[in-house]
Structures are given as C-alpha cells and as structure tokens.
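Only one structure is covered here, and it is reproduced in the block below.
Where a number appears in this text, it was derived from the coordinates with a stated rule and is not lab data. A quick note: this is a predicted structure, and the numbers were derived from the prediction, not measured. Cβ placement follows ideal geometry from the backbone for every residue including glycine, while neighbour counts extend to all protein chains displayed.
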Amino acid sequence: MTTQTSMSAPAGLATAPEVIAPLAGRWTRFFRYLRRHPSVAIGGSLLVLMALIGIFAPLLWTVDPTAIATSRRTRIPSELYWFGTDMLGRDIYSRVVYGARVSLLVGFSVAILSSIVGLSIGLFAGFVRIADGIVMRIIDGMMSIPPILLAIALMALTRGSVQNVIIAITIAEIPRVARLVRGVVLSLREQPYVEAAIANGARTPRIIFRHILPNTFAPMSVQATYICASAMIVEAILSFIGAGIPPATPSWGNIMAEGRALWQVRPHIILFPAIFLSITVLAVNLLGDGLRDSLDPRLAKSI
C-alpha cells in the first residue's frame, strides 16, 4: 500500500498557479492592447516620462532654478550648462526640468476639475428639461468666447498664481465638457434599456448612476486628454504674455517669455522649453487619439 505524500491546499486558499494565471492573463491582454493601439503606448510612455522628469527633478543633476548669477549670463549650451543660461545667469536645463511640474500640474488639474464640473452640469441639463434651455444658453454664451481670451479676462481680475491659472482655464474649458455630456445624456435617454428602467419604476438617481453615467466615461476620457493638452498650451500663452504664473516660477511659458528679447542671438533660451512643451502636448494628443480609436465601437477591434 502506497502512502500519499502530497497534501491538498486548505479550503479557501488559492495555490500559487491559480493566483499567477489570472495576473498573467491580464498582462497578456494589456500588452496585446498596446500592440493594437501603438499611439496609446507611445503617448502614454512619453507622458509618464515627462511626469517622472518633473517628480524627480532634484535628482536629475539640476541646480536651484531660481539662482541668479550675473557673471554667467546668456551662456550657450556646453558641458557645464547643458541648455545654456538665460539673461540672469539661471541654468535653463534646471528651469526646464522643474517647469515640467507646472505644466503637468495645470494640465491634469484642469482636465480633472473641468470633467467633474462639466459632467455635473451636463447631467443636470440633460435630465431637467426646464433648466436645459437656461443652462445651455449660458454655456453657448461662454463657448462664443475663445478659451484663451476668457482665461485672460479672468486672470485680469486676480493676481498671478498657479491656483488662479488652474481656476481660470477650468472655467474656460467647462462648457466643452458640459455640452458633450448633455448630448450623450439626450442620446442615452432614448435607448430601450433606459425606457425599460423608467417603465419599471426606477428612480432618476438609479437611472443616472447605473445606466447613464457609465456610458459617459468613454467620450469624457477622450475629451479630458484634449482639455489637458489645451490647458498646457493656454498656460504657456498666459505666462508668455505676462498674465499667468509669476515670472519667478520656472515654467515653460515663463522661460520662453524671458528669452524672446534675445531670440535672434540666443535662440536656445526659447528652443528647449518649446521642445519639451511640444513633446508633452504631442504625447497627450496621441494618448487621446488612441483612446478614441479603442473606445469607439465603430473603430475598435476585438483583442
């Protein structure tokens, strides 16, 4: 008679292969998704890289970005000063690296805040017919003003700071999200499953959170990426014209504004922050295009 040496796992405890298999399956689907949508992989990788540059700026061989040294003004790029120096002798490389924090903070903050507020307004306008006309006329009036002009007008009423720039750009971007969500809500209200829920006596909050809200995430996520890119450009424009973040704060717009007077003789002062801003905006747009292609049922392919 043979003795059974193997012992079964206790009931309720999964073995290692049972835990690893689902994780491996998720990673396989994730990498397959990235192969199907390379723009998501490229845009996401570039955006993560820029975020890491901003987060770990003190560890990337930088110096104090606000340190002034008049003896080393307008130096050209060299081994000692990788991106050169500006008219006050500040290291441009350090200012550009630290400037990533400001641009990404403004972009992500505006995208999140405008999405939340615009979603609330869009749901309210789409479900309350009486308020729809009033709310959407206000939205139409705000959308008739270009976002940059509206942001400049709002910044003229306050002092320059990162928080005020975020608030001004958020107010200018809310109408785009609200109109998008309202259109989605009006379309979903006519769907058979929503009408069936209403016929079964489902209350409005249940219909919104169970049937309407989940179907707005796909278009809103795509819209949020474009708002993020637009917010970074608007922030750079506000700083460039002196209506945004204080000049002492290192931001890509401030660096370009300070170097415009020496553009013909020292183009590197504007060149490097412009390259970083372009790469970041390109990354966000690539990510948005990839999300649009993958979330649109007419364009998405089975993976």
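With 21 Å as the cut-off, how large is the P(r) tail for the range 88-186, expressed as percent of Cα-Cα pairs?
44 percent
What is the extension gain from Ala69 to Ile55, computed as 0.36 nm multiplied by their sequence separation minus the C-alpha to C-alpha distance, in nm to one decimal?
Details: separation 14, 0.36 × 14 = 5.04 nm, distance 2.57 nm.
The Ala69-Ile55 span can extend by a further 2.5 nm.
Rounded to the nearest 0.05, what FRET efficiency is calculated for Leu88 and Gln191 with R0 set to 41 Å and r the Cβ-Cβ distance?
Working: r = 60 Å, r/R0 = 1.47.
E between Leu88 and Gln191, to the nearest 0.05, is 0.10.
One-quarter of the Cα convex hull surface for the chain, in nm²? Working shown, then result.
Details: hull surface 105.3 nm².
In nm², the orientation-averaged hull projection of the chain is 26.3.
Order the peptides 92-100, 242-250 from the highest to the lowest mean number of other Cβ atoms within 10 Å of their residues.
92-100, 242-250
Among Ile241, Thr216, Thr204, which residue has its Cα positioned farthest towards the positive end of the charge dipole of the chain, with +1 placed on the Cβ of Lys and Arg, -1 on the Cβ of Asp and Glu, and the dipole taken about the Cα centre?
Sorting the options by dipole projection puts first Thr204.
What is the distance, in nm, between label points placed 7 Å from the Cα along the Cα-to-Cβ direction at Ser161 and at Asn200?
It works out to 5.0 nm between the two label points.
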